[in-house]
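The values are calculated or read from the model by the stated rules, or taken from the named source; none is laboratory data. As the structure is a prediction and not an experimental result, all values here were calculated from the model. Heads up, the Cβs are rebuilt from the backbone with ideal geometry, glycines too, and the neighbour counts pull from every protein chain shown.
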Amino acid sequence: MKTRSLGLLFVVAVIVPSILLAVLSIRSAGREEAYMEKQAAATLDAEVIHAAGLASAEVGRVQDDLRAGLDLPAGADYARILTRWKASSPLVAVPFLLSSRYGILWPPPGGAGSEQRQFLQENGDFLGDRAATTVLQNIAVRYQAEILAQAENAAPAGLAAPARADEEAHGSPARSRAMRARAGGAPAAGQSGPQPPSAERQSAQAGAPAESEAPVPSSSTAPGPAAASAPVTRAAPAAEKQMAIDTFAQNPAVQTRVYEESRQKGDQLSARNVAPKMLPSPVAADTSATLDAVGASGGGGTAVAAGSTAPAPAAPLPRPAPLPRPAPPSQFVRTSQLLSQIASRGEYGIIPRFIGEKLVFLFWERLKDGRIAGCQVADAAFRSRIAGVLESTWTPVRILTLLDENGSPLAAPPDSEGRDWRRPFVAREIGESLPRWEAAAYLTQPDSITSQARSSSLVIWVLVMILFVSVAGGGTMVLSSVYAGIRTAQQKATFVTNVSHELKTPLTSISLFVDLLRRKGPLAPAKRDQYLSLMASETERLTRLINNVLDFSRDKGSRRYAMRSVDAAEVAAQIVESQRVRLEGKGFELTLHPAAGDPAANPGGHPAPGVRADPEAIKQVLLNLLSNAEKYSKDRREIDVEVARDAASVTLTVSDRGIGVPEKERERIFREFYRVDDSLASGVQGTGLGLSIARRIARDHGGDVTCEARPGGGSRFIVRLPAVTGEDGE
Ligand code: ADP
């Protein structure tokens, strides 16, 4: 019971805590990689946002440069001016001029060369305001009213007023209320993941003049939220638009709701070119898959080729090749707009147009007299201007680049062939003016984070293993030594009881015989001799017991032996004779082989069974064995003592016909205090010391004691001692 509760204590106090500790460390090792990736993503995301801001700003500068080069007063020779404009700026590919009613004044009808002809073919209907084109709109701007209404729930009163005014203006309070009801928590509360510094965010989202000044729809052909949001943008300060963009960027809950709203409205989201490994905000991957699918199917059905005659939805943007994993949803919604709609919203801008798979950029500016002048921007010059904004495209740690509408990098390190550009580490869309373009960052060695994390988790594993082995090993050692201590304490307690009992038995016999000798007066000499030899025998047993206890209490190996050459047969005969009267009195048949003087004592002409020994110690061994033979015999009371020698050793064998020793116990019985049956019910008293002391003495003499089964029943104990050779004797 005591040992069991000790084991339980060990499990509760040591094993369970160390298993918990190990599980915790292994779990944290597993998170190491995710944590390191998150850290890298946060840093790279800030760079990506900055790069996107730079690219957008460059689009603005391109417009400024184009405007600066174009001076077309009313009544001037526009053909000459436009030709000169083209010649003076590498950015101008094909200039054009429209009347205030969208009549094409330049290039001349049919075009003057193949370039102009193709330009008119591709853009004629759009410039003539007969066909719409696809433009992108930031989803946060499109759902600005709803986003601000949500923010009103959690933000201080300042936000509430414009949001409500906006709601009333568009007559859609129900939807706003519904979104507000669904909005729940504070927009900023659920924020997690990397966030760029706000200045950078500002530049990424608002840095492009094209975005703030040019195409935002306000047409009757794009009903619903698009129509609703346009006046807001016009009426509300730009700060509100930015607030909606920021709220959207920072709040995953708002994103989820806006995307859901957008999906229900059947909006067509732009499709992204990349599937970044790390998402800047926790937009669920499954949401993105759904949105992607909506965008795909919604686009196909309503497609009308560019160049058709009536105002109609424009051709869908070309679909990118399928990505290796679901791309996150785009932040841009596609709408169809006529040039008149776009131009009504500003004074100048750049309109990106997909002509089949090709993306062309049309610059336009409204002149003072109402005409619209502009050009198709020269592709190579435009791209190299944008590519020029990146200072360091690659470092030993990362590659930072801009991807065009096909997902191809504008700048790439020389040894980056074979890299999958569509799987950046982090990426962000650049903006409305550069549809499907992305700023993207890649790890130069994608495995470095994994291998760093692996090696640190390997260290944790090894430490956990060492912890485990030391806890288990140390614990087991402590436990087993505690168990051994408990066992020894128990055995010692039993030993004291047993010793006192064993000492009493011969003492009682001796005092009985002393009494007899005293009281009976003169006795027959034979009787007296018998009593005396019984007393001597009991005294010898008593001495043996005391010697055993003394031997036990001595340190191992400290007993001093009075060694000399002795004849083992003689020692055996002395012991047998000293015990004979007592044993025969108890009904034992005690035989010594060979009997003294028997020629068989020396078979094969060996010299006498001489050993070098302390005769008192050898007597103690034989007495212990004889005492056991007596104690563990029942009905068949035969004891045989045999002395034999061969070339190397002398053996003294004590055999009985007693209860025998089971095979598995034949070694254990030589341990200190070990008894096969220590119960009182066994009826045999003992200390468990006799055999251990016998073996110790025999081994101190260079021999041993062993036990084996005696054929025909009983057991046999063999004492083997090294024989004295002729030379030893001398
Ligand atoms: P004990 O004082 O118990 O006899 P020993 O060390 O002399 O101690 O013996 C150890 C155990 O070996 C005994 O308790 C007994 O179970 C077993 N044993 C010893 N001698 C014999 C024998 N001759 N026959 C059967 N069992 C024996």
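I'm checking my understanding of the structure. Among residues of the stretch 558-578 that are of a type in the set (S, T, N, Q) and either over 25 Å from residue 534 (Cβ atoms) or at pLDDT 90 or above (or both), which one is farthest from the chain's Cα centre (by Cα)? So the residue we want is 574. Of the residues in the stretch 464-474, at least one is buried (at least 16 other Cβ atoms within 10 Å of the Cβ) and closer than 30 Å to residue 39 by Cβ. Pairs are defined by a Cβ separation below 8 Å, a sequence spacing of at least 6 or placement on different chains, a first member in the stretch 25-36 that is under 15 Å from residue 278 (Cα atoms), and a second member that is in a helix (DSSP H, G or I); the pairs so defined are 33/449; 33/450; 33/453; 33/454; 33/457; 36/449; 36/452; 36/453. Filtering 14, 23 for residues that are assigned to a helix (DSSP H, G or I), surrounded by 15 or more Cβ atoms within 10 Å (Cβ to Cβ) and among the β-branched types (Val, Ile, Thr) leaves a single hit, 14.
Residue 636 meets the stated requirement of being among the basic types (Lys, Arg), within 14 Å of the ligand (Cβ to nearest atom), in contact (Cβ under 8 Å) with a residue 40 or more places away in the chain and loosely packed, with under 14 Cβ neighbours inside 10 Å. Here is the figure for the stretch 445-470: residues that are outside any helix (DSSP H, G or I) and touching a residue at least 12 places away in the same chain (Cβ under 8 Å) total 1. In the set 576, 499, only one residue is touching a strand residue (DSSP E or B) at 6+ places or on another chain (Cβ under 8 Å), β-branched (Val, Ile, Thr) and either part of a helix (DSSP H, G or I) or over 28 Å from residue 619 (Cα atoms) (or both); that residue is 576. Return the pairs, sorted by first residue and then second, in which the second residue is more than 8 Å from the ligand (Cβ to nearest atom) and of a type in the set (D, E, K, R), the first residue lies in the stretch 654-674 and is farther than 28 Å from residue 573 by Cα and in the same structural domain as residue 690 (by TED's automatic domain parsing), the beta carbons are less than 9 Å apart, and the residues are 6+ apart or on different chains. Partner pairs satisfying both residue conditions: 673/487; 673/492; 674/668. Need pairs with beta-carbon distance below 8 Å; first residue farther than 15 Å from residue 549 by Cα and within the stretch 482-510, second of a type in the set (Ser, Thr, Tyr) and in a helix (DSSP H, G or I); sequence gap 6+ or separate chains. Taking only residues 6 or more apart or on different chains, the pairs are 483/3; 486/3; 506/539; 510/539. Being in the same structural domain as residue 103 (by TED's automatic domain parsing), surrounded by fewer than 20 Cβ atoms within 10 Å (Cβ to Cβ) and part of a strand (DSSP E or B) is a property that does not hold for residue 438.
Do we find a residue being under 19 Å from residue 502 (Cα atoms) and aromatic (Phe, Trp, Tyr) anywhere in the stretch 671-692? Yes, that holds for at least one residue.
Within the stretch 65-88, can one find any residue that is within 18 Å of residue 411 (Cβ to Cβ) and of a type in the set (A, V, I, L, M)? Scanning the stretch 65-88, I find no residue that is within 18 Å of residue 411 (Cβ to Cβ) and of a type in the set (A, V, I, L, M), so the answer is no.
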